[in-house]
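J.: Sharing a structure here in structure tokens format.
The values are calculated or read from the model by the stated rules, or taken from the named source; none is laboratory data. The model shown is predicted, which means the values in this text are computed figures rather than measured ones. Neighbour counts are summed over all protein chains in view; Cβ atoms, including those assigned to glycine, are modelled from backbone coordinates with ideal geometry.
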Amino acid sequence: MLGKYASWIATPLLLVLLVLIWEAYVTIFDVSPFILPGPGAVWDATLVLLSEPKTYSHIGITVYETVVGFLLAVVIGIVFGGVLGKIRWLERTLNPLIVGLQVMPKVALIPLFIVWFGFGPTSKVVLAAVIAFFPIMTNTILGIKSVESGHRDVMLALNASRWQTFRDVELQNALPFILTGMEVGIVLATIGAIVGEYLGGSQGLGYMAVATLNAFDVTSMFGVIFLLTILGLILYFAVVMLRRYVTPWHEAVASARDS
């Protein structure tokens, strides 16, 4: 029983310990707030940010860019992954191209996306989708390919169509893999939207981080970083909860629930 709730106790204690170490460091070594503000100052700056209506507008823009880009990546990634997982020769043909696109530094595409889609949210949505696409697609391929041949033989013996086999066997088997890819994808989508705002935007939390840095308001910049962290955690745990809801039967979900 204690082990089941240990993380609920240990994690807050660890966070408190890190904050105390942070506070002790800036106090003992008299660190300038311009270099590293204390946690109390960062908390106050965060409250000031949350008291300003424009902050919620920037948060809404970042959430929109992240979620829309992520959903595009999910749809396109599952479709491409399903096709490539089923058609092995096509996967082998496109694999060098896929690997090349994966290792390409996506930040280098931001100027191109800005030229194509402008400085508005569209370029950030596209960047978020491109970055989140690959883990979802590759996990979908892995899930489709990991289906045991015996399961396909049973569907064949039942005279099931290819669509029925894909829907009832292959897609069900791939769901845990897809959702794992989505957990990685939502994090990457958040990073993509923020980096896009940081390098070429006039709205969003990434833009706010640049604006506070240009104003030499380091404490507020830490407050923006704190808001970005909270936003990323909320989106990530939303996908984690979706995984537990959609695949409660999977071993990883069951073991996490029982531990």
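J.: In the stretch 166-202, which residue that is part of a helix (DSSP H, G or I) and among the small types (Gly, Ala, Ser) is farthest from Leu228 (Cα to Cα)?
T.: Ala174
J.: Same structure again: Need pairs with beta-carbon distance below 8 Å; first residue surrounded by 11 or more Cβ atoms within 10 Å (Cβ to Cβ) and within the stretch 45-61, second of a type in the set (S, T, N, Q); sequence gap 6+ or separate chains.
T.: Ala45/Thr219; Ala45/Ser220; Val48/Ser220; Leu49/Thr55; Leu49/Ser220; Ser57/Gln203; His58/Gln203; Ile61/Gln203
J.: Another question, then. In this structure, does Glu91 turn out to be surrounded by 16 or more Cβ atoms within 10 Å (Cβ to Cβ), closer than 26 Å to Gly206 by Cα and charged (D, E, K, R)?
T.: So Glu91 does not fit the description; no.
J.: Among the candidates Val79, Val68, Val83, single out the residue that is under 15 Å from Ile194 (Cα atoms) and part of a helix (DSSP H, G or I).
T.: Val68
J.: In addition: Would you be able to say whether some residue in the stretch 207-220 is part of a helix (DSSP H, G or I), within 21 Å of Leu242 (Cα to Cα), touching a Leu at 6+ places or on another chain (Cβ under 9 Å) and assigned by TED's automatic domain parsing to the domain that holds Ser57?
T.: For the stretch 207-220, residues part of a helix (DSSP H, G or I), within 21 Å of Leu242 (Cα to Cα), touching a Leu at 6+ places or on another chain (Cβ under 9 Å) and assigned by TED's automatic domain parsing to the domain that holds Ser57: absent.
J.: Ok, one more. Are any of the residues in the stretch 137-148 closer than 21 Å to Ala189 by Cβ, of a type outside the set (D, E, K, R) and at pLDDT below 85?
T.: no
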